[in-house]
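Working notes for the structure below.
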Amino acid sequence: MQVIVLGAGVVGVSTAWYLAREGCEVTVVDRQAAAGEETSFANGGQIAVSHAEPWANPATPLKALKWLGREDAPLLFRLRADPALLRWSLRFLRECLPRRTRENIHRIVALASYSRDCLRALRTDLAAAGGLEYDHLERGILHFYTDEREFRSALHAIEVLREAGCDRRPLTPDGCCEVEPALAAARSRIVGGDFSASDESGDANRFTRGLAEHCARSGVRFRFGESVRQLLREGDEVRAVALESGESLRADAIVVALGSYSPLLLRPLGIDLPVYPAKGYSATLALGDRSIAPTVSLTDDGHKLVFSRLGNRLRVAGTAEFGGYDLSPNRVRTDAILRRTREIFPALEEVGEPQLWCGLRPVTPSSVPHIGPTPLRGLWLNTGHGTLGWTMACGSGRVLTDMLLGYRAAIRCGYHASSGYRVAGA
């Protein structure tokens, strides 16, 4: 079977890997010069089943109102005349209902846990072929809280997560410092935390590039520097892609894994896909030899930040800004990230200037991605993973492959693209 995968981020490359392993002839198309150059480039670096609580939960609407207009807010909705954001926001509010939040947590945990297992199996499989190096650590993820109300609210979410199969274990402030001694300087700020020992961390960009190299050696063709102009619909099916160069590519199946840009490509086909871009920020700090910096990956829940050690670097990432497809950096937001980092870790020894970055995360109202077939034959989706793109990448690629080839997928949790959007004329 010939398959075209649109997008060479971590989700697209993972999808290509599993398709190629099943004998498919795979071509990956991406506008960048290499794999992992957009949303996967400088993300938070976590494989975080423990981060399965969706943004849409009962506490979010009030927080969003409180943060409205604050440039340094962890979650910032920019008021603008954008019909797509309005439609998305109405769906988001529906997902904030307690019952919907609980259902979504179970779905996210199921896929994220399966994906983490797939990642571990992938590392084993590739060990004999030179391995895959990406600064990965298997030291768990520690969530810490510096606000008593945030911590009390989190305890309820932790119970739901544990019920869904996530291993988040509550900790005292001293317990947090035992897990990660670098937090000792901030001990007086910390009111509690929880620890997920089975979670991991690493550099998603290095992972994506390394896996792309293994894909290429397995026969996957990469068409870098090629922008997609449109999907070519013939009646009730899509079997071809038109490139900006004027060339058309045909295949038995086309997988859209373009993250936040997926809805723009699908809209001319009459597909209204509820995925909206949420701009996230990161700062990568080179560390001196005397730095007191964390080696356990951390989540600062109240400030929506994560900290991951990548060799001699510290990656700090987070926040969400809903303002369309604008990729211009906001220095107020990056300054807030750096300020918080230096408050929590005052003994960092930084070498040179921080590397600042922002990218667009593809967020669904429920935080559950769209994986599966569309009502248009030949057209498949693997998109909408939000902040958990790398966490869910391997599992999503495996599930999509099983579904496309008619196998029974290992998990069945309703990740079907045929629910949650409309297709006109199909």
| request: Run down Gly311, Gly318 and say which single residue is in contact with a Phe, Trp or Tyr (Cβ under 8 Å, 6 or more places away or on another chain) and on the phi > 0 side of the Ramachandran plot. | output: Gly318
| Those residues of the range 211-225 which are loosely packed, with under 13 Cβ neighbours inside 10 Å and within 22 Å of Met403 (Cα to Cα), in sequence order | Gly219
| request: Give the number of residues within the range 94-105 that are in contact (Cβ under 8 Å) with a residue 40 or more places away in the chain and either surrounded by 13 or more Cβ atoms within 10 Å (Cβ to Cβ) or more than 27 Å from Leu264 (Cα to Cα) (or both). | output: 8
| query | What number of residues within the range 281-294 satisfy the criterion of being touching a helix residue (DSSP H, G or I) at 6+ places or on another chain (Cβ under 6 Å) and polar (S, T, N, Q)? | reply | 0
| Which one of these does Asn57 not meet: (1) over 30 Å from Arg377 (Cα atoms); (2) assigned to a loop (DSSP other than H, G, I, E, B); (3) out of contact with any Asp or Glu (no Cβ under 9 Å at 6 or more places or on another chain)? | (3)
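So, of the residues in the range 131-156 that are among the small types (Gly, Ala, Ser) and touching a helix residue (DSSP H, G or I) at 6+ places or on another chain (Cβ under 8 Å), which turns out to be surrounded by the most Cβ atoms within 10 Å (Cβ to Cβ)?
The extreme case among them is Ala154.
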| Considering the range 295-324 alone, what residues qualify as being in contact with a helix residue (DSSP H, G or I) (Cβ under 9 Å, 6 or more places away or on another chain) and modelled with pLDDT of 95 or more? | Thr295, Val296, Leu298, Thr299, Asp300, Leu305, Val306, Phe307, Leu310, Leu314, Val316, Ala317
| request: Take Leu161 and decide whether it is at pLDDT 95 or above, surrounded by 20 or more Cβ atoms within 10 Å (Cβ to Cβ), of a type in the set (A, V, I, L, M) and assigned to a helix (DSSP H, G or I). | output: no
| query | Out of Phe322, Phe307, which single residue is surrounded by 20 or more Cβ atoms within 10 Å (Cβ to Cβ), aromatic (Phe, Trp, Tyr) and more than 23 Å from Val49 (Cα to Cα)? | reply | Phe322
| task | Would you be able to tell me the number of residues in the range 18-35 that are polar (S, T, N, Q), under 20 Å from the mean Cα position of the chain (by Cα) and under 13 Å from Gln2 (Cβ atoms)? | result | 0
| request: State which residue pairs qualify: first residue aromatic (Phe, Trp, Tyr) and inside the range 208-234, second residue at pLDDT 95 or above in any location, beta carbons under 7 Å apart, and separation of 6 or more residues or different chains. | output: Phe222/Ala8; Phe222/Val28; Phe222/Ala212; Phe222/Ala216; Phe224/Asp30; Phe224/Gln32; Phe224/Ala33; Phe224/Ala34
| request: Filter the range 75-93 down to the residues that are of a type in the set (A, V, I, L, M) and assigned to a loop (DSSP other than H, G, I, E, B), then identify the one that is modelled with the highest pLDDT. | output: Ala81
| task | Mind telling me which of the residues Val191, Val228, Val255, Val238 ends up being within 21 Å of the chain's Cα centre (by Cα), farther than 27 Å from Asp135 by Cα, modelled with pLDDT of 95 or more and crowded, with 16+ Cβ neighbours inside 10 Å? | result | Val255
| query | Which one of these is in a loop (DSSP other than H, G, I, E, B), surrounded by 14 or more Cβ atoms within 10 Å (Cβ to Cβ) and over 22 Å from the mean Cα position of the chain (by Cα): Ser245, Ser291? | reply | Ser291
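Restricting attention to the range 389-396, does a residue exist that is surrounded by fewer than 20 Cβ atoms within 10 Å (Cβ to Cβ) and at pLDDT 95 or above?
No, every residue in the range 389-396 fails to be surrounded by fewer than 20 Cβ atoms within 10 Å (Cβ to Cβ) and at pLDDT 95 or above.
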| request: Run Ser308 past the list (1) over 25 Å from Phe144 (Cβ atoms); (2) touching a residue at least 60 places away in the same chain (Cβ under 8 Å); (3) outside any loop (DSSP other than H, G, I, E, B) and report the number of the one that doesn't hold. | output: (1)
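Taking Leu404, is it in contact (Cβ under 8 Å) with a residue 60 or more places away in the chain, closer than 25 Å to Asp199 by Cβ and either among the hydrophobic types (A, V, I, L, M, F, W, C) or in contact with a strand residue (DSSP E or B) (Cβ under 7 Å, 6 or more places away or on another chain) (or both)? Talk me through it step by step, then tell me what you get.
Working: in contact (Cβ under 8 Å) with a residue 60 or more places away in the chain: yes; closer than 25 Å to Asp199 by Cβ: no; either among the hydrophobic types (A, V, I, L, M, F, W, C) or in contact with a strand residue (DSSP E or B) (Cβ under 7 Å, 6 or more places away or on another chain) (or both): yes.
Criteria not met by Leu404.
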| query | Are there any pairs, at least 6 apart or on different chains, whose C-beta atoms fall under 8 Å, with the first in the range 175-202 and closer than 18 Å to Ser50 by Cβ and of a type in the set (A, V, I, L, M) and the second at pLDDT 95 or above and in a helix (DSSP H, G or I), and if so, which? | reply | Leu183/Cys176; Leu183/Cys177; Leu183/Ile344; Ile190/Pro173; Ile190/Cys176; Ile190/Cys177; Ile190/Leu183
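The values are calculated or read from the model by the stated rules, or taken from the named source; none is laboratory data. Fair warning: this is a prediction, and the values are worked out from it, not measured in the lab. Please note: Cβ atoms are built from the backbone with ideal geometry, for glycine as well, and neighbour counts cover all protein chains shown.
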